[in-house]
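> Following this message is one structure expressed as structure tokens.
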Amino acid sequence: MKKLICIAPLLLATALHADDRRFSASDVPSAGIRKGGKVVITNNSNTITATRFFGNIREALVTLKSTRVLSYQSYGSAVYDSNADAPVLFKEAAQTHGVDPRLLVAIAHRESAMNPNATSRVGACGLMQLMPATARFLGVSNIFDPRENVFGAARYLRTLLDTFHGDLDLTLAAYNAGPGAVLRYKGVPPYAETRAYVKYVRARYEMALK
């Protein structure tokens with residue numbers, strides 16, 4: 001709490017220039033920081049960032065003088081139509097976190113083929129294939145519970161949409177490969193799996209919009 005109070009003047013003084021970002025701490029191993037629940041200020045020649053750490057999850061509270069160059073293409077209001085028709089669970093999660101339930105359904109089909117007990121070779125679990133560390137950060141206590149899993153994924157998807165200004169391709173790429181990879185490559189990473197993922201989910205979502 002003392003650290004948070006100490007950086008409050010910085011946050012208030014720079015509010016006009018700040019933007020929120022959320023990343024995985026594993027995306028920046030060189031930082032060497034893994035202090036759960038701590039607020040840390042780091043800087044390099046390009047940026048000054050106030051960051052909160054929880055396990056392997058990094059939440060940037062404010063970033064100044066960022067030189068990242070990304071071209072965003074907002075997909076439009078359809079991404080935010082949380083009242084669209086969809087199975088009840090997906091619709092409730094979408095309405096809670098302000099995302100399109102049809103997008104959640106499209107992701108679930110690709111991630112787990114709608115299997116709530118699915119587990120990937122890298123340890124992602126449940127309908128929306130959340131990684132355990134991400135699930136904990138999102139407040140998911142039972143990763144195989146369909147409701148908790150989908151609600152957690154909806155919250156994460158909302159964060160990614162905000163981070164990438166509604167750009168659907170970048171959001172989907174970040175869901176699959178991590179936001180750090182999208183920032184590192186300044187676009188959809190050149191991974192065959194990620195490119196196929198983005199293409200599949202986008203196509204399925206667009207079909208649902210018709």
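No value in this document is a laboratory result; all are computed from the given coordinates. Fair warning: this is a prediction, and the values are worked out from it, not measured in the lab. As a convention, Cβ positions derive from the backbone with ideal geometry for all residues, glycine included, and neighbour counts pool all protein chains shown.
> Rounded, prolate or oblate for segment 99-142? Axes are the square roots of the Cα gyration tensor eigenvalues, ordered a ≥ b ≥ c, and the cut-off for rounded is a/c under 1.5.
On the way: a/c = 2.22, a/b = 1.25, b/c = 1.78.
Oblate, since a/c reaches 1.5 and b/c is not below a/b.
> Taking 0.36 nm per residue of sequence separation and subtracting the Cα-Cα distance, how much length would be gained by fully extending the chain between LYS186 and ALA203, in nm to one decimal?
Net length gain for the segment: 3.9 nm.
> Sorting check: for 97-110, 160-173, 181-194, which peptide has the highest mean count of neighbouring beta carbons within 10 Å, and how do the rest follow?
Highest mean packing first, the order is 97-110, 160-173, 181-194.
> Based only on Cα atoms, what mean projected area does the convex hull of segment 145-189 have, in nm²?
On the way: hull surface 11.8 nm².
So the mean shadow area of the Cα hull is 3.0 nm².
> Considering every pair of different Cα atoms, what Kirkwood radius, in Å, is found for segment 77-209?
Details: mean 1/r = 0.0693 Å⁻¹.
Computed over segment 77-209, the radius equals 14.4 Å.
> Can you compute the charge dipole magnitude of segment 77-209 about its Cα centre, using +1 on each Lys and Arg Cβ and -1 on each Asp and Glu Cβ, nothing else charged? Give it in debye, rounded to the nearest 20.
360 debye
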